[in-house]
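What follows is a single structure, written as structure tokens, with notes after it.
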Amino acid sequence: MKRYWFKRWAAMTLCAAVCVAAFAGEEAEEKRTEGEKVTYFQFSLFPGLGVNGWRTWQYTNYASINLLGDVSKNERAFTLSGIWSAVRGDAQGLQVAGMVNYAGSGRGMMVSGVTNVVKGGYDGLMVSGLANVENGGYDGLMVSGLTNVVNGGYDGLAIGGLANVAGDVRGGQVTAGMNFSKDLMGLQLGGIANVARRGVKGMQLSAAVDYASGSVWGAQVAGLTSMSVGRVAGAQLSGAVNFAVDVDGMQLAGFTNVAKGDVDGAQVSAVVNVAEKVRGVQIGLVNVAEESDVPIGLINVIEEGEMSIGAGYDMMGNVMLMFRSGGKYTYGIVGAGYNHYFRYAPVALEAGLGVHAPVCKWFRVDNEFRYSAPLLVAGPNMGEVQASRYMNVSYSLLPFFRVCEHFGVYAGMTLNYMLSDSRLELPGLVDGGTVWQRERQDGVFGRTRESLFFGFAAGIQVLF
């Protein structure tokens, strides 16, 4: 019981001493300084009960320790508060609070368990468990568990767990969620998305989406989609879709590239490329353009290019109906037809790429690389069907004569490399042109025959 009353008496004595010191210190300071009120060391239990008394917002402190929190005019070196610290003016040095730091402006370092808020500009380091909010300009490093918000621009790096939001950025934004900026000069690294409401000079890198409302000078790299509502001078890389107005450089996508305007460089995708005028190359299953001299794909819809439907015959006995489409120099080939040699695999399919070598208006030499194989259909004679398996890869050198504007003929030699089931009986013409042959027990079709032979191909084309 005596110990309890002793502790209670000691606490009351400490409070009284602090109050006396506060009012005495205030009176002495007011007498000493007519202008700014300065305290070199300030201690408080809670606002109004401390060295600076109850008018704490009028004081500039060089060092402050607050059990709960306090409000001051300026801080010059060090502030430590159990819950909050509020500096109405300029905070310099180190400002540490258990929950919230606030400053009008400052430079140095702010550390809080929850939030740091700065009304004006700040230079230095801000670290918080939840959020950093800065309403002026910021130079330095911001780190938060959830989000960083800069209403003006900043030079430096912002690292947020969920989001970074800023005006003009010169430096970087890094987050597991989303980054937002106006103009970006530097790096945006986002786990979900990067958004630049104006242009980008640098790089946007995200697991899902990159978006720029203006032009991009640099690169956009995204797991799903990269989009620029302006010119891309550099590269767009995505797992699915790239979109830009004009491209000076490269678009590389897993599914589709779209350039609303012109492309100076390359479009490469697994499926579709779309542009107006392409001064470079398009590589994809389907290429669409107003003008493209070097499209590399099976189907090329080029307004200023050439398309044709034709019929052809080759030494393996394939009578094929073929569709060719492309630009000035390259084109794609798809075809299907009938093979009169192989009874149990009569339907043949073909695909390939070709290169035009123009000589004059009515004559050129076409170089074609084709792959052909039978369409196997299950039936009662499945053993014979299996024995009819083959794959043929060929190179064809085909002089082409344009008889009139919409009609041409071709004929030339072929060099073929063929893999077939060893039970398949090859046409006599193939045997006659064979220059090398062997059989393997562990080939593609089990016991497989490999053949290298010369042949021929001829046909007609209707051009449009």
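The values are calculated or read from the model by the stated rules, or taken from the named source; none is laboratory data. Computed from a prediction, not measured in an experiment: that's the story for all the values here. Positions of Cβ are generated from backbone atoms using ideal geometry, with glycine treated the same way; all protein chains shown enter the neighbour counts.
Structure data summary
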{"item": "Restricting the range 212-233 to residues that are over 11 Å from the mean Cα position of the chain (by Cα) and hydroxyl-bearing (Ser, Thr, Tyr), the residue that is surrounded by the most Cβ atoms within 10 Å (Cβ to Cβ)", "result": "SER228"}
{"item": "Filtered residue count, the range 54-84, keeping only those that are assigned to a strand (DSSP E or B) and not aliphatic (A, V, I, L, M)", "result": "16"}
{"item": "Those residues of the range 231-255 which are of a type in the set (D, E, K, R) and more than 13 Å from GLY280 (Cβ to Cβ), in sequence order", "result": "ARG231"}
{"item": "Strands (runs of 3 or more DSSP E) wholly inside the range 157-204 containing at least 1 residues that are without any contact (Cβ under 8 Å) to a residue 24 or more places away in the chain, under 18 Å from ASN132 (Cβ atoms) and touching a strand residue (DSSP E or B) at 6+ places or on another chain (Cβ under 7 Å)", "result": "163-166, 169-175, 178-181, 184-190"}
{"item": "Answer from ALA63, ALA91 - the residue that is out of contact with any Pro (no Cβ under 8 Å at 6 or more places or on another chain) and either at pLDDT below 90 or within 20 Å of GLY121 (Cα to Cα) (or both)", "result": "ALA91"}
{"item": "Hits in the range 129-150 (condition: within 29 Å of the chain's Cα centre (by Cα) and polar (S, T, N, Q))", "result": "ASN132, SER144, THR147, ASN148"}
{"item": "Residue list for the range 318-340, filter: over 20 Å from PRO358 (Cα atoms) and either buried (at least 18 other Cβ atoms within 10 Å of the Cβ) or β-branched (Val, Ile, Thr) (or both)", "result": "ASN318, VAL319, MET320, MET322, VAL334, GLY335, GLY337, ASN339"}
{"item": "Residue within the range 324-347 that is over 22 Å from GLY412 (Cβ atoms), free of Cβ contacts under 8 Å to residues at least 40 places away in the same chain and assigned to a strand (DSSP E or B) present", "result": "yes"}
{"item": "Failed criterion for ASP293 (all others in (1) surrounded by 18 or more Cβ atoms within 10 Å (Cβ to Cβ); (2) in the same structural domain as TYR395 (by TED's automatic domain parsing); (3) of a type in the set (D, E, K, R) hold)", "result": "(2)"}
{"item": "Conditions (1) in contact with a Pro (Cβ under 8 Å, 6 or more places away or on another chain); (2) over 19 Å from THR39 (Cβ atoms): number failed by VAL118", "result": "(1)"}
{"item": "Residue among VAL241, VAL258, VAL263, VAL209 that is more than 30 Å from PHE369 (Cβ to Cβ) and either surrounded by 18 or more Cβ atoms within 10 Å (Cβ to Cβ) or of a type in the set (A, V, I, L, M, F, W, C) (or both)", "result": "VAL209"}
{"item": "Checklist (1) more than 18 Å from LEU321 (Cα to Cα); (2) not in a loop (DSSP other than H, G, I, E, B); (3) not acidic (Asp, Glu) applied to LEU353, failing item", "result": "(1)"}
{"item": "Pick from the range 368-383, criterion part of a strand (DSSP E or B) and not charged (D, E, K, R), ranking: surrounded by the most Cβ atoms within 10 Å (Cβ to Cβ)", "result": "SER372"}
{"item": "Among (1) β-branched (Val, Ile, Thr); (2) crowded, with 18+ Cβ neighbours inside 10 Å; (3) touching a strand residue (DSSP E or B) at 6+ places or on another chain (Cβ under 7 Å) - the single one VAL365 does not satisfy", "result": "(2)"}
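Conditions tested, residue by residue: (1) within 27 Å of PRO358 (Cβ to Cβ); (2) assigned by TED's automatic domain parsing to the domain that holds PHE456; (3) not in a strand (DSSP E or B).
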| site | (1), (2), (3) |
| --- | --- |
| VAL385 | no, yes, yes |
| LEU397 | yes, yes, no |
| TYR410 | yes, yes, no |
| LEU419 | no, yes, no |
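Let's see how each residue does on (1) under 11 Å from the mean Cα position of the chain (by Cα); (2) of a type in the set (Val, Ile, Thr); (3) assigned by TED's automatic domain parsing to the domain that holds ALA176; (4) under 26 Å from THR330 (Cβ atoms):
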position: ARG197; (1), (2), (3), (4): no, no, yes, no
position: ALA207; (1), (2), (3), (4): yes, no, yes, no
position: ALA235; (1), (2), (3), (4): yes, no, yes, yes
position: MET250; (1), (2), (3), (4): no, no, yes, yes
position: THR256; (1), (2), (3), (4): no, yes, yes, yes
position: GLY280; (1), (2), (3), (4): no, no, yes, yes
position: ASN287; (1), (2), (3), (4): no, no, yes, yes
